[in-house]
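Below is one structure; the comments refer to it alone.
The values are calculated or read from the model by the stated rules, or taken from the named source; none is laboratory data. Small disclaimer: the values here were computed from a predicted structure and weren't measured. All Cβ positions, glycine included, derive from the backbone under ideal geometry; neighbour counts span all protein chains shown. Protein only, heavy atoms only, side chains kept; ligands, DNA and RNA dropped before computing areas. Shrake-Rupley method; radii C 1.70, N 1.55, O 1.52, S 1.80 Å.
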Amino acid sequence: MAKPRHHDPDLLSFSYFFPTGQTDHIWSDEAAAATPTLERDVFLEMARAAEETGFDSLFIADTWSGHQREAERRGHQSPKYQAPMLAMGLFAVTQHLGVITTMHTSHHRPAHVARAGATLDAFSGGRWGWNVVTGFGDAEARLFGETAMAGHDDRYASAAEFVEVVKRFWTEDEPIDHRGRFHTAQGRMKAPRPVQEPTPLLVSAGASPAGMAFAAEQCDQLVVAGNTVEKIQAVDQRLEDLLETRSPARTVSTAPFSIVIVRDGEGEAEEEYERLTETLNVEATKELAADILGGVESIRSAFAGQDPQEAAKAWGSGRGILKFLGTAEQVTEQLVELKKETSTQNLLVNFPLWNPDEVRSFRSVLDHCRDAGIWLPPSERSFSW
């Protein structure tokens, strides 16, 4: 049965940034040692905990290359289970939770993603979203027999054509015949088709001019890195200007990254965050930050002018993204302000010391958000976004 995709602009949705690695956003050895070992039962329990808590969706980041050896040895962003395959297991044990999975355009063919995405969406009853990434880094390209990544703007031009072909496979009943600059595809894809209409949710994270133009023309949400409301507002304005000139009929909302720590006592969450940053694994941080600061133009520009090692430490401590630290009431006040002052539709929530109980502790925040009129449980509506 078809499922029209829509959102309520007055509501805020929450995506749990699902752990694929012992740590994300704060590469603390203490966090890596304290969090559960990633395996089947842990993944399933975390998904169930997220749904019980009331999260709208999970967001699963993904990369291919394992060249960051020190980070891998210490559990930072490793292991990484392939996102779309992991999602199938999570859909099987949840009923309302959406799952947004990363799939690359640089190293695959449109038919691969179109069929995988259609299967995920149909199997889940319309709960799948695609985080569209072009990929970055020559180490990743070499895994696929390529000598180097294509240039930055060419990657986005190729991705735009890639997404157009995927959408045609999803929505056109007659065979397609596409012969473009980057991709060629002919024929008709075997059923199933996605349940969501007009397509599943599409998300991207590029805030460079080419990345934002891609989001304005092809996606529904733009993932944003910024550590203040004012920086999120600046991205909102850039996106609004792009939509007015390039895609006036489209609506694209923002989805900021965030770190969340909720504690009962005054100042306890802030103390927890500072303690974690004191156990930052510097070597792992430099490895991971080298990829991000070297390959993601928008994040690199945020730390322009800083000493490379200090910039790496700042990014590895989560200082480049929003932080919601405090009691449930304090965190809710910050979220209400974010919703009021920005175009944020979805917040990506990362818990540095993740475990099922930590995820469930967010329920008190969601209850306050409901009282404030900015959130409703997915179980009470027909959409996950």
Checked against the positive end of the charge dipole of the chain (+1 on Cβ of Lys and Arg, -1 on Cβ of Asp and Glu, about the Cα centre), the farthest of Gly135, Phe123, Phe383 is Phe123
Using 7 Å Cα-to-Cβ label points, what is the Leu143/Lys3 separation (nm, one decimal)? 2.9
Summing +1 for each Lys or Arg and -1 for each Asp or Glu, what net charge is found among the other residues whose Cβ lies under 15 Å from the Cβ of Ile100? -4
Let me test this: with uniform point scatterers at the alpha carbons of region 192-291, what is the Debye-based log₁₀ I(q)/I(0) at q = 0.21, 0.22 1/Å? -1.04, -1.09
Quick one: if you stick a label point 7 Å off each Cα along the C-beta vector at Ser247 and Arg73, how many nm between them? 4.4
Assuming a ≥ b ≥ c are the square roots of the Cα gyration tensor eigenvalues, decide whether region 1-109 counts as rounded (a/c under 1.5), prolate (otherwise, with a/b larger than b/c) or oblate. prolate
If you take percent of Cα pairs over 32 Å apart from the coordinates, which of [x] 34; [y] 29; [z] 51 do you get? [y]
For region 46-200, give the magnitude of the charge dipole about the Cα centre (Cβ charges: +1 Lys/Arg, -1 Asp/Glu; no others), in debye to the nearest 20. 380
Burial-style ranking of 144-156, 210-222, average other-beta-carbon count within 10 Å with highest first, yields 210-222, 144-156
Suppose only helical runs count, i.e. DSSP H with n ≥ 4. What mean residue ellipticity at 222 nm does that imply for the chain under -39500 (n - 2.57) per run, divided by all residues and rounded to the nearest 500 deg cm²/dmol? -13500 deg cm²/dmol
Under a 5 Å amide H to amide H cut-off, with H placed in plane at 1.01 Å, what residues pair with Phe59 once short-range neighbours are removed? Tyr16, Phe17, Phe18, Ile100
May I ask you to derive the relative contact order of the chain, considering only C-alpha pairs under 8 Å and at least 6 residues apart, and to give it as an integer percent? 25
Per DSSP, loop GluC sites (Glu not before Pro) in region 23-74 with at most 16 further Cβ within 10 Å: Glu39
Which one, Gln22, Leu12, Met1, projects farthest toward the positive side of the charge dipole computed for region 1-53 from Cβ point charges (K/R +1, D/E -1)? Met1
Roughly how many Å² is the accessible area per residue of region 87-139, as a whole number, for a 1.4 Å probe? 30
Using only the alpha-carbon atoms of region 4-45, report the extent along each of the three principal axes, biggest first, to the nearest angstrom. 41, 24, 11
What's the carbon and sulfur percent of the chain's accessible surface, probe 1.4 angstrom, rounded to a whole number? 49
In debye, nearest 20, what is the charge dipole magnitude of the chain about its Cα centre with +1 on Lys and Arg Cβ and -1 on Asp and Glu Cβ, if you could check? 1460
Partner lysines whose C-alpha sits under 18 Å from that of Lys323, ignoring same-chain residues fewer than 8 away, are Lys231, Lys313, Lys339, Lys340
From the phi of every residue in region 378-385, what ³J(HN,Hα) in whole Hz does the Karplus formula 6.51 cos²θ - 1.76 cosθ + 1.60 yield, where θ is phi - 60° and glycine or proline is x? x, 5, 9, 9, 9, 9, 9, 10
At 1.4 Å probe radius, can you tell me the per residue accessible area of region 35-83 in Å²? 44
Positive-end extreme of charge dipole, the chain - chosen from Ser253, Ala50, Met85 (charges on Cβ): Met85
Rounded to the nearest 0.05, FRET efficiency between Arg238 and Lys340 (Cβ-Cβ, R0 25 Å) equals 0.80
Heads up, region 310-357 by the C-alpha gyration tensor (a ≥ b ≥ c square roots of eigenvalues; a/c under 1.5 rounded, else a/b over b/c prolate, else oblate) looks oblate
